[in-house]
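S.K.: Mind having a look at this structure? Questions to follow.
The values are calculated or read from the model by the stated rules, or taken from the named source; none is laboratory data. The structure displayed is predicted, hence computed values, not measured ones. Every residue, glycine among them, receives a Cβ derived from its backbone with ideal geometry; neighbour counts consider all protein chains shown. Keep in mind that these areas ignore ligands, DNA and RNA; they rest on the heavy atoms of the full protein, side chains included. Shrake-Rupley method; radii C 1.70, N 1.55, O 1.52, S 1.80 Å.
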Amino acid sequence: LIEKPAAGGRMIARHDGQIVFVAGAIPGERVRVRVEQVRGGTAYAATTRVEEQSPDRRAPAGDPACGGNVFAHVAYPKQLQLKAAIVQDAFARIGKLPLEQPVPVRASPEQGYRMRARLHVRGGRVGFFREGTHDLCDSSRTGQLLPATEQILNLIQTRLAEEGTHPIREIELSENVAGTERALLAELAPGTRPRDVQRLPGLFDAEGVTGLVITRPEAPQFVAGRGHPHISDVLEIAVEGQTAAVRLRRHVAAFFQGNRFLLQPLVETVLGLLPRGELLDLYAGAGLFGLPFAALGRGHVVAVEGDRQGAEDLATNAAALGTGVRVVASAVETFLTRAPHAGTATILIDPPRTGMSKDAARLIVAASARRVVYVSCDVATLARDVRRFVDAGYRLSHLEAFDLFPNTAHVESVAVLDH
């Protein structure tokens, strides 16, 4: 009998007292499984037959294991409930913070939502990896990318197959909300010689590809390219009756949120949680949150970003706002050590999946901001970090989630901590 969801997309069951993490099941179902492996006394299994079916089961489109499509067999409203349960479990189990109310999860259209993707190239094939393997699968069957994007990838795949031997191993895709700008980054196999690169740009020529960058993993600089490596969007943001338009440019190699449908709702929600006054925007990226805050006239922003490419995008985007934003290209830990911000009114943090480092957590807590707004793409590290704030005297006053990756087990969360 399947009990509840686990982080990562499997479901928890017990057999003769042993915990079993089951793929392809839904809580409440009774299923037959095939045990794939046992690690540390815990079994991992795949559903082979459903004996008692949940009313929330549906026929998945394509391969449920392709490219993080592990919830494809679950009706979408139930997926939102499962993600709320995953957040609730993480806060209770990891953060030791039982939540009194279910966490609201904002829904997303399931098809064509994805603006950023990493595709793998093996010979003449381009696709995602199947879950837990290096086996390629057809990304078009998942429905995550726009049809126009899939047509371009199919064209590139055909050309790579015709090319035969080539050094391309990975393709990073980044496009804007409308899908009118699309930049690609092709990563080559280590040791690729310069003369083997010259013919490659032509393989990516296609209507709809506005920029191409070719790079080698052992070389920090880009080795070839065409077009413009950046894409951009103008976000029309409305918060509390105020409106502002902010242009956000980002390089294909830089991080940016990946769901085109929830991008604006996420930004407007976060801005609505930030009181007026000074804002310290840590892990600022291209300026997704801090720049609209300044553009709305809500207060001065100090935006800190440690990634070189992200910091360049941030500086370019902030230039239009004049003195309203100060950009600092620095690791968060280095910045806070050199320039402590004790008494800062509000701190916004949007760290990578690993969350805050111990040093960053200590320094951010030491700043004693009245409010901290934490945007997280990993609920386990969020629960851990929120516990650090609570232990320092903060109170978790708000928590909600956004389904930026439908049909996967990932969920974006926004937590508010008040001092």
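S.K.: Report every pair of residues separated by at least 6 positions or lying on different chains whose Cβ atoms are under 6 Å apart, first residue within segment 344-356 and free of Cβ contacts under 8 Å to residues at least 60 places away in the same chain, second of a type outside the set (Val, Ile, Thr).
M.R.: Taking only residues 6 or more apart or on different chains, the pairs are Arg353/Cys377; Arg353/Asp378; Gly355/Asp385; Met356/Asp385.
S.K.: Filter segment 384-417 down to the residues that are open to solvent by 50 Å² or more (accessible area, probe 1.4 Å), part of a helix (DSSP H, G or I) and touching a residue at least 40 places away in the same chain (Cβ under 8 Å), then identify the one that is nearest to Ala65 (Cα to Cα).
M.R.: Within segment 384-417, the match that is nearest to Ala65 (Cα to Cα) is Arg384.
S.K.: Please state which of the following conditions Val177 fails to meet, knowing it meets all the rest: (1) of a type outside the set (Asp, Glu); (2) in contact with a helix residue (DSSP H, G or I) (Cβ under 7 Å, 6 or more places away or on another chain); (3) surrounded by fewer than 16 Cβ atoms within 10 Å (Cβ to Cβ).
M.R.: If we test Val177 against (1) of a type outside the set (Asp, Glu); (2) in contact with a helix residue (DSSP H, G or I) (Cβ under 7 Å, 6 or more places away or on another chain); (3) surrounded by fewer than 16 Cβ atoms within 10 Å (Cβ to Cβ), just (3) comes out false.
S.K.: Val328 passes all but one of (1) modelled with pLDDT of 95 or more; (2) surrounded by fewer than 20 Cβ atoms within 10 Å (Cβ to Cβ); which number fails?
M.R.: If we test Val328 against (1) modelled with pLDDT of 95 or more; (2) surrounded by fewer than 20 Cβ atoms within 10 Å (Cβ to Cβ), just (2) comes out false.
S.K.: Go through segment 353-379 and give me each residue that's among the hydrophobic types (A, V, I, L, M, F, W, C) and open to solvent by 40 Å² or more (accessible area, probe 1.4 Å). Explain how you work it out, then say what you get.
M.R.: Taking segment 353-379 as the starting set, the residues that turn out to be among the hydrophobic types (A, V, I, L, M, F, W, C) are 356, 360-361, 363-367, 369, 372-373, 375, 377, 379.
Of everything in segment 353-379, just one residue is among the hydrophobic types (A, V, I, L, M, F, W, C) and open to solvent by 40 Å² or more (accessible area, probe 1.4 Å), namely Ala366.
S.K.: Only one of Thr323, Thr346, Thr337, Thr316 is surrounded by fewer than 14 Cβ atoms within 10 Å (Cβ to Cβ), closer than 14 Å to Gly290 by Cα and of a type in the set (S, T, N, Q); which?
M.R.: Values: Thr346 fails: surrounded by fewer than 14 Cβ atoms within 10 Å (Cβ to Cβ); Thr337 fails: closer than 14 Å to Gly290 by Cα; Thr316 fails: surrounded by fewer than 14 Cβ atoms within 10 Å (Cβ to Cβ).
Only one candidate qualifies: Thr323.
Yes/no per residue for (1) farther than 18 Å from Leu262 by Cβ; (2) out of contact with any strand residue (DSSP E or B) (no Cβ under 9 Å at 6 or more places or on another chain); (3) modelled with pLDDT of 95 or more; (4) open to solvent by 10 Å² or more (accessible area, probe 1.4 Å):
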| position | (1), (2), (3), (4) |
| --- | --- |
| Ala75 | yes, no, yes, yes |
| Leu80 | no, no, yes, yes |
| Phe91 | yes, no, yes, no |
| Tyr113 | no, no, yes, no |
| His120 | yes, no, yes, yes |
| Asp135 | yes, no, no, yes |
| Asp138 | yes, no, no, yes |
| Pro147 | yes, yes, yes, yes |
| Glu150 | yes, yes, yes, yes |
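S.K.: Right, another one. Strands (runs of 3 or more DSSP E) wholly in segment 1-84 with at least 2 residues that are under 24 Å from Pro104 (Cβ atoms) - which ones? Give the steps one after another, and end with the answer.
M.R.: Numbers: elements: 2-5, 11-15, 18-23, 30-39, 42-52.
Hits in segment 1-84: 2-5, 11-15.
Every residue, every condition in (1) part of a loop (DSSP other than H, G, I, E, B); (2) at pLDDT 95 or above, yes or no:
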| site | (1), (2) |
| --- | --- |
| Leu336 | no, no |
| Leu348 | no, yes |
| Pro352 | yes, no |
| Gly355 | yes, no |
| Arg362 | no, no |
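S.K.: Could you run through segment 153-180 and say how many residues are in a loop (DSSP other than H, G, I, E, B), under 19 Å from Asp196 (Cα atoms) and touching an Asp or Glu at 6+ places or on another chain (Cβ under 6 Å)?
M.R.: Narrowing segment 153-180 to residues in a loop (DSSP other than H, G, I, E, B): 164-167, 176-180.
Filter once more, keeping what is under 19 Å from Asp196 (Cα atoms): 164-167.
If we keep only those that are touching an Asp or Glu at 6+ places or on another chain (Cβ under 6 Å) as well, we get 167.
The total comes to 1.
S.K.: Give segment 188-215 a look and list any residue that's assigned to a helix (DSSP H, G or I) and either surrounded by fewer than 18 Cβ atoms within 10 Å (Cβ to Cβ) or among the aromatic types (Phe, Trp, Tyr) (or both), or say none.
M.R.: Pro194, Arg195, Asp196, Pro201, Gly202, Phe204
S.K.: Determine whether Val105 is within 30 Å of Val267 (Cα to Cα) and aliphatic (A, V, I, L, M).
M.R.: Details: within 30 Å of Val267 (Cα to Cα): yes; aliphatic (A, V, I, L, M): yes.
Judged against the criteria, Val105 is a match.
S.K.: Moving on to the next point. Go through (1) touching a helix residue (DSSP H, G or I) at 6+ places or on another chain (Cβ under 8 Å); (2) open to solvent by 50 Å² or more (accessible area, probe 1.4 Å); (3) at pLDDT 90 or above for Ala254 and report which single condition fails.
M.R.: Condition not satisfied by Ala254: (2).
S.K.: Which of (1) free of Cβ contacts under 8 Å to residues at least 40 places away in the same chain; (2) buried (at least 17 other Cβ atoms within 10 Å of the Cβ); (3) in contact with an Asp or Glu (Cβ under 6 Å, 6 or more places away or on another chain); (4) of a type outside the set (Ser, Thr, Tyr) is the odd one out, the single condition Leu185 does not satisfy?
M.R.: So the condition that Leu185 fails would be (1).
S.K.: Okay, next question. Going by what's in this entry, would Ala107 be described as at pLDDT 95 or above, closer than 23 Å to Thr149 by Cβ and open to solvent by 30 Å² or more (accessible area, probe 1.4 Å)?
M.R.: Working: at pLDDT 95 or above: yes; closer than 23 Å to Thr149 by Cβ: yes; open to solvent by 30 Å² or more (accessible area, probe 1.4 Å): yes.
Criteria met by Ala107.
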